[in-house]
2 protein chains.
Amino acid sequence: MGQENIIKDMEKLEQARNRFITEIAKNIYLYNITPSVGRLYGTVFFSEEPMTLDEMSKAMGMSKTSMSTGIRSLLEADMVERVWERGIRKDLYKVEDDWYKSFSNVFINRWRNATELNKQAIEETKGLLNRLMDETEYEAVRVKAEKDLKKLTEVEEYYGWLTEVISLFETGAIFDIVPKSSKERNKNKSYE
Amino acid sequence: MGQENIIKDMEKLEQARNRFITEIAKNIYLYNITPSVGRLYGTVFFSEEPMTLDEMSKAMGMSKTSMSTGIRSLLEADMVERVWERGIRKDLYKVEDDWYKSFSNVFINRWRNATELNKQAIEETKGLLNRLMDETEYEAVRVKAEKDLKKLTEVEEYYGWLTEVISLFETGAIFDIVPKSSKERNKNKSYE
DNA sequence: AAGTTTGTTCAGAAAAAACTGTACGTAAAT
DNA sequence: ATTTACGTACAGTTTTTTCTGAACAAACTT
């Protein structure tokens, strides 16, 4: 067999990798990352060595500019990290290989942030409504405001709960409840 | 004071509501819902009565077409439900007022789906790689494939864990761990 | 049966997001 | 000190998404 066969096999390898990369790209929207950047993540994921922006650009057939902004998104999401190698001037990146950590981080940061902002908005809205209740002389307004306050209080309870849930992930307590190791998990199955 | 003052107070009520609606719109992207549809949700949330598409259209200053498509998104996400009132021909919608339920649903469905697809992709990719390992005569290819298989196996573990976590929400077991009531939660705080 | 009312489909317009190439600033190499 | 290599800001282009109004279909009213 000739030399061209190793190329054929390399292509097959590429195809296999591509199957997974495509799926990542399709579902990464849950982390608020675009499909393109998802593919970038997949590319770096399979790379045996940390990659430079130029290598990514070549591998993805996209501009270096896009690699630069894409990798920054991944960096901010803690899904990728920069590494140094002596003698190499270019920036090198590799995926954070602890998926428990990298994906938990994205999840925690995004949700923690949104939850806090929403809680704050509820507080402020309640403040406005309470002030209105005090000031208004119209029963109709007071009734409406009261109803809104009730709704907001219910929602507030929900956000309180959500905050606790997020803490579970932040503190790592979730790993006591659902262990990382599948053997550990199966052991727990018995007394469910 | 004249009649115009109740209008002023109603405007204040509107402003208060708007504070919360704006925040929802800003953060609802986490549920893969667009800001506009988030505002729609907020509008229906504060409405004392179930709303028709025409009312929404008027309240939002947007086309009825947009209300139609927007409400469908919310409906599919179980964040809003259709209600019937006798004598009224138009479709009426109200928000699902159990936020634990409505928001858990979106979360569960989206993540369950993505996780399953990713797990499947891993299986298939592994299949392709294993086949390649069998067929190839090039050591270099085999080494690469082996490395990829190892990475995928690690990721697979993560997805296994994630599946279990999602189940926690699906089965409601999460509510034993983090109770809905804030009093219950504080009680647990003591032995943390 | 004819005429309304209501929600949705669809094509096009408007807005937003993603992507690119050029240009520039910084830091290393000569 | 000059040149070269590298990453990123920015402006413009392309692509995608969102939004709208007109036309349509189904269901209700008379």
Practice task
For peptide A:101-107, compute the average count of partner chain beta-carbon atoms within 10 Å of each residue's beta-carbon.
Solution key: 1
Exercise for the section: Once the label point is placed 7 Å from Cα along Cβ, list for B:ASN18 the distances to the corresponding points in the other copies, in nm, shortest first. Expected result: 5.2
Practice task
Give B:LYS94/B:LYS180; A:LYS94/A:LYS119; A:LYS144/B:LYS58; A:LYS8/A:LYS64; A:LYS64/B:LYS144; A:LYS126/B:LYS58 a once-over and call out the pairs whose C-alpha atoms are over 30 Å from each other.
Solution key: A:LYS94/A:LYS119
Practice task
Grab the other residues whose beta carbon is less than 14 angstrom from that of B:ILE166, score K and R as +1, D and E as -1, and report the net.
Solution key: +1
Fill in the blank from the handout: Inter-copy distances for B:LYS147, label 7 Å out on the Cα-Cβ vector, sorted ascending, nm, one decimal, are 6.4
Problem - Relative contact order [Cα under 8 Å, 6+ residues apart], chain A, whole percent - result: 13 percent
Practice task
For every other residue with a beta carbon closer than 15 angstrom to the beta carbon of B:ASN32, add +1 if it is Lys or Arg and -1 if Asp or Glu, then tell me the sum.
Solution key: +4
Completion exercise
So for the protein assembly as shown, using the alpha carbon gyration tensor with a ≥ b ≥ c as root eigenvalues (a/c under 1.5 gives rounded; past that, a/b versus b/c decides prolate or oblate), I'd call it prolate
Handout entry: Per the axis that maps chain A onto chain B, nearest residue of A (Cβ criterion) and its distance in Å
Key = A:ILE177, 3
Exercise for the section: With a 1.4 Å probe and every protein chain left in place, work out the accessible area per residue of chain A in Å², rounded to a whole number. Expected result: 54 Å²
Exercise for the section: Express the carbon and sulfur contribution to the solvent-accessible surface of the stretch A:13-105 as a percent, rounded to the nearest whole number, probe 1.4 angstrom. Expected result: 48 percent
Practice task
Please give the direction-averaged projected area of the C-alpha convex hull for chain B, in square nanometres with one decimal.
Solution key: 19.3 nm²
Handout entry: Helical contribution to [θ] at 222 nm, DSSP H n ≥ 4, -39,500 (n - 2.57), averaged over chain A, rounded to 500
Key = -24500 deg cm²/dmol
Problem - Extension gain from B:ARG112 to B:VAL83, taking 0.36 nm per residue of separation minus the Cα-Cα distance - result: 7.6 nm
Completion exercise
the stretch B:31-105 and the stretch B:129-179 have their Cα centres apart by a whole-number Å value of 39 Å
Practice task
List the distances, in nm to one decimal, from the label point of B:SER63 to the label points of the same position in every other copy, shortest first, placing each label point 7 Å from Cα along the Cα-to-Cβ direction.
Solution key: 3.2
Practice task
Report, as an integer, the average count of C-beta atoms from other chains found within 10 Å of each Cβ along A:8-16.
Solution key: 6
Handout entry: Candidates B:LEU152, B:LEU132, B:LEU74: whichever shows maximal mean-square fluctuation once chain B is modelled as a Gaussian network with Cα springs under 10 Å
Key = B:LEU132
Handout entry: GNM flexibility winner over chain B from B:GLY160, B:GLY42, B:GLY87 (Cα, springs under 10 Å)
Key = B:GLY87
Handout entry: Peptide-level mean, for B:109-120, of C-beta atoms on other protein chains within 10 Å
Key = 3
Problem - Choice from B:MET62, B:MET51, B:MET79 with maximal GNM fluctuation in chain B (Cα, 10 Å cutoff) - result: B:MET62
Practice task
Helix by helix through chain B, keep the DSSP H runs that span 15 Å or more along the axis on Cα and average at least 0.0 on Kyte-Doolittle, and give those back in order.
Solution key: B:35-46
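The values are calculated or read from the model by the stated rules, or taken from the named source; none is laboratory data. On a predicted model such as this, the values are computed, not experimentally measured, just so you know. Every residue, glycine as well, gets a Cβ built from its backbone with ideal geometry; the counts of neighbours run over all protein chains shown. Surface accessibility is based on the protein's heavy atoms, side chains included, excluding ligands, DNA and RNA. Shrake-Rupley method; radii C 1.70, N 1.55, O 1.52, S 1.80 Å.
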